[in-house]
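Trainee: The structure under discussion is supplied below as structure tokens; questions concerning it will follow.
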Amino acid sequence: MGSSAKRKKEKQKDFQKPKLKVGKAKAKPENFTDTSFRAKAITLNQQSLHVAAPTSNSQFSHFLSLLSSKSDTQRRDSLAHLTTAIASRPVNQPLPQPVSVMLPNLLPLILDSSNNVRTQLLKFLRTLPHNDVQDHVGQLLPYVRAGMTHLAADIRVSAVEILSWMVEAAGENVVSSAGGWVKTMNCFLSVLGWHTEESSRWSSNRASFGKSGSKGKPMIKVLGALAEFLDAGIGPPSGSSDSSDQEQSSTWTFPLCQTAHHMNTESTAPYAYLNLFGQPRDEEGEMYETREDRYRVFQTRFLPALDRGLKSAREEGGELGRASSSVNKVLKEAVAYGPGP
Amino acid sequence: MVKRKLGALEKVEADLPNLQHKIRRDPKSYIEDFRAQHYQYESHREIFMAAPTSATDTGIISLRDLIDFISHVADCYPDILKEFPQQLTDLLMQHHLVLEPELREKIVGSLVLLKKKDCIDSATLLHTLFPILISTPSKTLRALLFQKILSELRTANSKTTNHKLNRTIQTVLFNLVTSDRTSSKALWAIKITRELWKRQIWTDAKTVEIMKEASLSENEKVTSGGVRFFLGGDREREEMEDEDSDADVDVGRIRHQLGINKKTKKKARVAEKAMALHKKKEKKKGQPHPLNFSALHLLHDPQGFADNLFNKHLKTAKINQHNREHKLLVMQLVSRLVGLHQLHIMPLYSWFQKYLVPKEANVTSYLASLAQATHELVPPDVLEPLIQKIANEFVSEASAGEIASAGLNAIREICVRQPLAMNETLLQDLVMYKKSKDKGVMMASKGLLSLYRNVGADMLKKRDRGKEAAMGLRSGDREQKRFGQQENGGIEGLELLEQWKADERRKRREENGLDPDAEGGSDEEEADWDAWNVEDDEDSDDSGGWINVESDAEIDFSDSEDEGKDRPSKKAKQEAEAKNSEAKDAETQKESNEEAKKISNLATTRILTPADLAKLAELRAQAAVDSSMPKGRRAQLGDRHVDDGLTAEEIEGLASLSKGKQTREERIAHAREGKTDRSEHKSKEARRKERKEEQGKSTTNKEKARRKNFLMTLGKARSKNKRSLVETRAVLKAHHDRAKRGGKRGNVGN
């Protein structure tokens, strides 16, 4: 009896299912062969060794191509390299590559997920000459706007910083480009959360979404940028160039005093407003080239919301209240100037 | 700014699905966040639109994610997203060629989602998707769009038929087919139409019109698509219906398992769903069957269509290697149409002439089509040369058995439809083949013989006519029908009813102890009928002004005799007597004649009561079932339903018999054919056990006892031996009590 049971058990063993347990590795089958291997060393048979070091130009384009690399550090380092390459170039020497070539690689970095890359990007942008930037505002702005409404607060802040740099470098172009005025204002309001009456009240329990960034005081930075932006858009004209023009032209007699109006404009894209090749634009995407246009739109669409928001910010007091006062000042001046002379 | 306390969830790196979830719960509070994301989407769209071809990946969040997010919450902010559907549509319409596949699919999916949320209507969606379907070169996108369009049309028609949408889409498809007859784009129209026809969503004439236009296209693929639809679309539809009805839920089992298994919410939900499905199906079963016409019957102007098909595809083009299959299809369709609608296309018959040679490929298809294209209004002199040719080419001593039997079969099939096409000498020649050594030829020839015994016995030689036909000829009731002669209209199955009534009467008479075959029994019938008649007369007698409605005057709808017997009228008696004497006088021959006449007169002499009509329908159904039984399957060749086409296999028919002896393997395979797949032979008990196990049911107590481990029973068995008498008694008593009670826990009440 005993022996037969034993033999039976032995026989049974061949057909028993192995028990599987959660969290434990599956038992290897009996006939398992280990085929894994480890490489100990990599030998390079050929190396590309050159006698001459690569030229600074070729290095520059190499680093430019590395901007779309997968790793954060690589992107940041190559940006740093590009920054030094541009900053340290001799005065009056043109850029190693034109801005229009660099821009397609640079633009996606505005929305980059790494903080370091974005800070480095801002540093790099600051080294660019202002008049080179003016032509490419139209390309930059959509990315900046996308950054300003990004879910991640850090990206929002750095996008605002980039915007304030753009206003500083090419203020007139920023506010008068297609969609540059209305859409950007919308983005500002949305960053500040001032769109509706309810949401701008300090007591409202605004369920704000998203992680607040690691950099402190985002609101203050945004308010500062808003002040600059408003100043560029609807601030009273500084008058230096205009008045000098007027003075100059007033010395001429009648037909000649209007010559300036009949000349080709000196702006970068004089016929951009015709929008010959782009998508059809709506009210928001329209170009508002003169201060009067901008003021008119601003008054109807944004002034009430801005007033409301500023009021609540002032009431909150503290640093925020102080920052809001600078915006308030710009706004007051603009309103005082009115729609224009 | 005062530092706000952050909730646990908000500390997480912000992601769109999280925001989407929050928005769905409370759209009002998160409107600012949504607005920000909408601006974000706008900016990304702007970036994309500036350079659609070189779209780069922009950071953590892509346009795809944003589109997905916005379309999921689209119903929460309708006023902010007024233009969103249009933007997606434009994006897809203008850039579908250059969009990356994932984004493209996302946009299609989002549009469908927007339709589901009622942000756009089905017509808009379909008008967006359809042009892309026919123009895109991407296979995956086409597959996706096709599936989406179909499901959209199905859901739109699921509750009630959406006539408006169907009409617009049908018009779009129709225009697609007719606008450019040379392009293969119309294939999509065919695919969609066929699918919807199969699912019985589109069953109207307009659908058929689309397919008709497709069949007349210049493009070969499109044409064969359309033709195939007419040849196979209806069968497909029937099969689909059968499949649908097959999938049934076992309600009893679900209910049982619900009682046994652990009760979870999910299981309850599943069970509820299954019950709802079952209830729906039951409800559907009770509803009247929707009347569906086959595509061939819904055609407008079949004559024009068949003419066009013939002239366009068959007459002019020569059949060569490349287009043979296509031409065969067209030929089958044309001949089906001709046979079904009894059309006249005279050139068709002469066209057949050159293909009726045994060495032609697929010649049996030609023969089948020719037979199919024959109907009783085709002039016999058109068919005669064709039959002659078949006889000459196929049927001879020299030709192989298969060929001869195929030829004979074809001739028989033609003659079933138009018996006048045969002449006497040829028929007598062909009938001689019944003596052939080849079994196939012999059977085919006998088939022809038995056909002509019925329809034209005088053309046969005297010794071939058989007894019935000879007697019929002598009495003169077996006259050959003349060309164009129509049968007098009758009611189908009337003779069955008559037969049944006679049987019933005989039974009753036997019960009453009367002679079952006596003719006098008819008086009851007459009386019954007259009783009703008299009652009617009474009513109409004083119907000059007002009709007197008697409150208790019931019209007898059943054919029970009792009431009729109560008041047999004088008139009825007189008539019955007259009939009686007449019947007695008549000879047997005459008697049978009269019987036959009476059968056909039943409808004119009697008003069929609703009960009669119900019985008639029942008998007809019974007869249909009987005729489909294997025994009587091929008994009557003329009995084929008009809608069924004739296939080449039927022409080949018994040709397999001509081949000679089968090999062993063939015989085994043939024997296997009829048997269902049963794995092995087992006892009933074993099979039952298997079934129970399959259903996850437990075994019986007996089985459990038998299977119990031996060692577990050992102890009890040992102790049983050592029991004292008293113990044994106690145990037995306990057992007896338990059995009385009905088990351990008892079985009283429940």
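Trainee: Label-point separation (nm) for B:GLU690 and B:MET93, each offset 7 Å from Cα along Cα-to-Cβ?
Mentor: 6.2 nm
Trainee: Provide the per-residue ³J(HN,Hα) series for region A:311-326, in order, calculated from phi with Karplus coefficients 6.51, -1.76, 1.60 and θ = phi - 60°, each as a whole number of Hz, with x at glycine and proline positions.
Mentor: After applying 6.51 cos²θ - 1.76 cosθ + 1.60, I find 4, 5, 5, 5, 5, 5, x, x, 5, 5, x, 5, 5, 5, 5, 5 Hz.
Trainee: Long-range amide H contacts for B:LEU99: which residues qualify at under 5 Å (H placed 1.01 Å from N, peptide plane, sequence gap of 5 or more or a different chain)?
Mentor: Those qualifying (amide H under 5 Å, at least 5 residues apart or on another chain) number zero.
Trainee: Mind checking which lysines have their C-alpha under 16 Å from B:LYS191, skipping anything on the same chain fewer than 8 residues away?
Mentor: B:LYS139, B:LYS148, B:LYS206, B:LYS212, B:LYS221
Trainee: Taking the mean number of other Cβ atoms within 10 Å as a proxy for protection, how do you rank B:732-740, B:273-281 from highest to lowest?
Mentor: Ranking, from highest mean packing down: B:273-281, B:732-740.
Trainee: Which of B:TRP351, B:TRP188 has the fewest other C-beta atoms within 10 Å, and how do the rest follow up to the most?
Mentor: On the way: B:TRP351 16, B:TRP188 21.
Ordered from fewest to most neighbouring Cβ atoms within 10 Å, B:TRP351, B:TRP188 come out as B:TRP351, B:TRP188.
Trainee: Between their Cα atoms, which of A:LYS17/B:LYS265; B:LYS285/B:LYS692; B:LYS283/B:LYS615; B:LYS359/B:LYS439; B:LYS263/B:LYS704 are more than 24 Å away from each other?
Mentor: On the way: A:LYS17/B:LYS265 33 Å; B:LYS285/B:LYS692 29 Å; B:LYS283/B:LYS615 26 Å; B:LYS359/B:LYS439 22 Å; B:LYS263/B:LYS704 27 Å.
Flagged as over cut-off: A:LYS17/B:LYS265; B:LYS285/B:LYS692; B:LYS283/B:LYS615; B:LYS263/B:LYS704.
Trainee: Right, here's the next one. Using a Förster distance of 56 angstrom, determine the FRET efficiency expected from the C-beta separation of B:THR136 and B:THR713, and round it to 0.05.
Mentor: Efficiency computed from Cβ-Cβ geometry: 0.15.
Trainee: If the reach is capped at under 24 angstrom between alpha carbons, list the lysines near A:LYS123, excluding any in the same chain fewer than eight residues apart.
Mentor: In chain and number order, the partners are A:LYS70, A:LYS215, A:LYS217, A:LYS221.
Trainee: With label points built 7 Å along Cα→Cβ from the Cα atoms of B:SER350 and B:LYS720, find their separation and express it in nm.
Mentor: It works out to 9.9 nm between the two label points.
Trainee: Could you work out how far the C-alpha centroid of region B:368-400 sits from that of region B:162-206, in angstrom?
Mentor: 39 Å
Trainee: Now for a separate question. Exactly which trypsin sites (Lys or Arg not before Pro) in region B:385-462 are in a DSSP loop and have at most 13 other Cβ atoms within 10 Å?
Mentor: Working: sites: B:LYS389, B:ARG412, B:ARG417, B:LYS434, B:LYS435, B:LYS437, B:LYS439, B:LYS446, B:ARG453, B:LYS461, B:LYS462; in loops: B:LYS437, B:LYS461.
Here the trypsin sites (Lys or Arg not before Pro) that fit, given the DSSP loop and packing criteria, are B:LYS437, B:LYS461.
Trainee: A follow-up question, please. Through the Karplus equation 6.51 cos²θ - 1.76 cosθ + 1.60, θ set to phi - 60°, convert the phi angles of region B:124-136 into ³J(HN,Hα) values in whole Hz; use x for Gly and Pro.
Mentor: Karplus values, whole Hz, x for Gly and Pro: 4, 4, 5, 5, 7, 6, 5, x, 6, 4, 8, 10, 6.
Trainee: Could you order the peptides A:147-159, B:334-346 from most to least packed, using the average number of other C-beta atoms within 10 Å per residue?
Mentor: Details: A:147-159: 24.3, B:334-346: 20.2.
With the highest mean Cβ count within 10 Å placed first, the list reads A:147-159, B:334-346.
Trainee: Write out the GluC sites (Glu not before Pro) in region B:156-226 meeting two conditions: DSSP loop, and at most 16 other Cβ atoms within 10 Å of their Cβ.
Mentor: Here the GluC sites (Glu not before Pro) that fit, given the DSSP loop and packing criteria, are B:GLU218.
We did not get these values from a lab; they are worked out from the coordinates using the rules stated. For clarity, every value in this text was computed on a predicted model and none was experimentally measured. Note that each Cβ is placed from the backbone with ideal geometry, even for glycine, and that neighbours are counted across all protein chains shown.
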